[in-house]
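**Student:** Quick one: this structure, given as C-alpha cells, is what I'll be asking you about.
Nothing in this text is a laboratory measurement; each read-out follows from the coordinates by a stated rule. Note that the coordinates shown come from a computational prediction; the quantities given were computed from them, not determined experimentally. Glycine gets a Cβ as well: all are built from the backbone with ideal geometry, and neighbour counts include every protein chain shown.
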Amino acid sequence: MIIVRYGEVAVKRGKRREFERKLLENILAALKKKGIDAKGKIIPGRILIDAPDESARIIAKVPGVVSVSPAKEMNYEDVPTYLKEVLKGLNPKSFKIDTHRLDKTFLLTSMDVNKEIGAFVVKEFGWKVDLENPELVIGIEIISKKAYVFFEKIKGVGGLPVGTQGKVVALLSGGIDSPVAAFLMMKRGAEIIALHFDQGKNARKVVENTVKILNDYSPKDVELIIENHFEVLKPYVLALNRLNMREWTCVICKIAMLRKAAQIAKEKGALGIVTGDSLGQVASQTLSNLFIETISVRFPIHRPLIGMDKEEIVKIAREIGTYQAFLEYPYCDCPFRPERVITQGKYEEFLRILEELERENIV
C-alpha cells in the first residue's frame, strides 16, 4: 500500500472533491502508462494506492502530490510484532517515532503512539531516541482504524493536478529554459501541448527526448507539434531585408513563432502560450522587446521563468531530468541571425515593420 499526501489540493474550497478525484485519476493513469494496474481510494487528507512499492517514485512525479510512502497496513496491536521482525539486523545510532493520527476516533493520540511504540523499540533494541536528527524515522499513520507503518517519505512535485486549469501551448526548444517553463505550468495544473520549430541537425530528436521526460509528470503523453523553422520565418526575413532592418530578425522571429502558437492554441482550445523567457537573458527577452512581442500577438502569453536567473532555472532542469537531454542538443546556427541584433526595440520602428508585413499579407 502506498500513502499519497497532498497539500494545496486540500485547501481548494468548493473544488476539493473535484481536485482529489482528478489527482487520483492522474495517479492511476501515470501508473498505467508504466504497465502497472492499481486501485486507489480517497480518504480525508490522503489517497491510498494499492500497488507495488516501486510505484511510489512514479507517483511522486505526479503534480499535486506532496509526498508518498510505501507502507504496511495492519492492526495497531500488531505494530510491535511487525517492527520486531522488520527492524531485526539494523543498528541505527538513533531513531524516532513520527505518528500522524488522521482517524480522530482512534483512542490514542499521536503523542501516545510515539511514546508507546518508542518505548517498545528502546526495550527491544536498546536504540537511542533522537527527536531532532534521528538516523532512522519510523513513520506511523492511523487511518480508518488501521495503522500504516513506513520508513521512507519520498518528496513529490506538489502543486495542482494536471488538467484542472485547462490547456496551453508551450514553445519547446532543445535548450534549458523552455522545458522548465512547460514543467512549471504542468505543476500548476495546466495540460501542455508542446510546439517545436525544427532547425534540423538532430534538434528534433533532442526535443522528442525532452517530451518523453516531461511525460513522466503528465497523466497522458504530451502532444508534440513540429513546425519547420525556416518555412515559418523566411517571409519575415525577406521583408526585413527589403526594409534594410535585419537587426530586428530575432524579435520578429519570436513574434512569428508566437503568432503560429496562437493559431494552434485557438485550434486546440488552449487558453494561452507558454515561453521560457527570462528577463534580460537574450536580445529578444529585454523588457522593451518583450513588450513589442506581447502586444503583437493578442493572445495570453505566460512566462513562468521571467524573474529567475540561469542558476535557478538550471537547478530545476537538473531536478526534473530535462538538463540531461539538453546536453545532447546540437549547436544550431540560425542562417537568418544577423551580425547585429536589436536589444531595445523602438515601438515606432516596429510599427513601420508591422505596416510592411501587413501590406504584404505576411501577418
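**Student:** How about Lys96: which aspartates and glutamates have a C-alpha closer than 20 Å to its C-alpha, ignoring those fewer than 8 places off in the same chain?
**Tutor:** Straight-line reach from Lys96, under 20 Å: Glu73, Glu77, Asp78, Glu85, Asp112, Glu116, Glu124, Asp130, Glu132, Glu135, Glu141, Glu152.
**Student:** Calculate the translational D of the stretch 2-155 in whole µm² s⁻¹ from Stokes-Einstein, where the hydrodynamic radius comes from the Kirkwood formula applied to all Cα pairs, the temperature is 37 °C and the viscosity 0.692 mPa s. Numbers along the way, then the final one.
**Tutor:** On the way: Rh = 16.5 Å.
For the chosen part, D equals 199 µm²/s.
**Student:** From the helices alone, meaning DSSP H stretches of at least four residues, give me the mean residue ellipticity at 222 nm for the chain, per-run term -39500 (n - 2.57), in deg cm²/dmol to the nearest 500.
**Tutor:** Mean residue ellipticity at 222 nm (helix-derived): -12000 deg cm²/dmol.
**Student:** Which residue fluctuates the most in the chain, going by a Gaussian network model with Cα springs under 10 Å, if the choices are Ser218, Ser94, Ser69?
**Tutor:** Among Ser218, Ser94, Ser69, the largest GNM mean-square fluctuation belongs to Ser94.
**Student:** Only Cα pairs within less than 10 Å get springs; with that Gaussian network setup on the chain, which residue of Arg340, Arg246, Arg17 has the largest fluctuation?
**Tutor:** Top of the fluctuation ranking is Arg340.
**Student:** What size of dipole, in debye to the nearest 20, comes out for the stretch 136-271 about its Cα centre when the only charges are +1 on Lys and Arg C-beta atoms and -1 on Asp and Glu C-beta atoms? Let's see the in-between values first.
**Tutor:** On the way: 20 positive and 13 negative charges, 36 e Å.
The calculated dipole for the stretch 136-271 is roughly 180 debye.
**Student:** Okay, moving on. Compute the acute angle (0 to 90°) between the alpha-carbon long axis of helix 177-187 and the principal axis of greatest extent of the alpha-carbon atoms of the chain; round to the nearest 10°.
**Tutor:** It works out to around 50 degrees.
**Student:** I would also like to ask the following. Which FRET efficiency value, to the nearest 0.05, do you get for Leu107 and Glu312 by plugging their Cβ-Cβ distance into 1/(1 + (r/R0)^6) with R0 = 35 Å? Walk me through the intermediate numbers first.
**Tutor:** Details: r = 48 Å, r/R0 = 1.37.
E(calc), rounded to 0.05, equals 0.15.
**Student:** Once both axes come from the Cα atoms, what is the angle between helix 16-33 and the longest principal axis of the chain, in degrees from 0 to 90, rounded to 10?
**Tutor:** 80 degrees
**Student:** Here's a follow-up. Using the number of other C-beta atoms within 10 angstrom as an exposure proxy, rank His100, His229, His196 with the fewest first.
**Tutor:** Details: His100 17, His229 21, His196 24.
Going from least to most buried by this count: His100, His229, His196.
**Student:** So for the chain, taking the charge dipole from beta-carbon charges (+1 Lys/Arg, -1 Asp/Glu), which of Gly307, Leu48, Gly272 sits furthest toward the positive end?
**Tutor:** Towards the positive end, the residue furthest out is Leu48.
**Student:** Taking semi-axes √(5λ) of the Cα gyration tensor in Å as the quantity of interest, determine which of (1) 34, 25, 20; (2) 46, 26, 15; (3) 52, 20, 17 was computed from the displayed structure.
**Tutor:** Here semi-axes √(5λ) of the Cα gyration tensor in Å agrees with entry (3).
**Student:** A follow-up question, please. Enumerate the calculated ³J(HN,Hα) couplings along the stretch 73-79 in order (Karplus 6.51 cos²θ - 1.76 cosθ + 1.60, θ = phi - 60°), each rounded to whole Hz, writing x wherever the residue is Gly or Pro.
**Tutor:** Working through the residues one at a time gives 8, 6, 6, 4, 4, 8, 4 Hz.
**Student:** Another question, if that's okay. Within the set Lys220/Lys268; Lys32/Lys153; Lys254/Lys346, which residue pairs have Cα atoms separated by over 20 Å?
**Tutor:** Details: Lys220/Lys268 16 Å; Lys32/Lys153 23 Å; Lys254/Lys346 16 Å.
Pairs exceeding the cut-off: Lys32/Lys153.
**Student:** For the stretch 130-159 and the stretch 3-76, compute the distance between their C-alpha centroids and round to whole Å.
**Tutor:** 15 Å
**Student:** At what distance in angstrom do the alpha carbon centres of the stretch 228-278 and the stretch 336-355 lie from each other?
**Tutor:** Here the two parts' Cα centres lie 13 Å apart.
**Student:** How far is helix 310-320 tilted, in degrees, relative to the longest principal axis of the Cα atoms in the chain, given as a value from 0 to 90 rounded to the nearest 10?
**Tutor:** 50 degrees
**Student:** If you don't mind, another one. Take the chain, connect every pair of alpha-carbon atoms lying under 10 Å apart with a spring to form a Gaussian network, then pick out the residue of Val341, Val207, Val68 with the largest mean-square fluctuation.
**Tutor:** Val341
**Student:** Work out the length of the dipole vector of the chain about its Cα centre, built from +1 on the beta-carbon of each Lys and Arg and -1 on the beta-carbon of each Asp and Glu, and round it to the nearest 20 debye.
**Tutor:** 700 debye
**Student:** Return the tail of the calculated pair distribution for the stretch 204-305, meaning the percent of Cα-Cα pairs more than 19 Å apart.
**Tutor:** Details: 2735 of 5151 pairs.
It works out to 53 percent of all Cα pairs.
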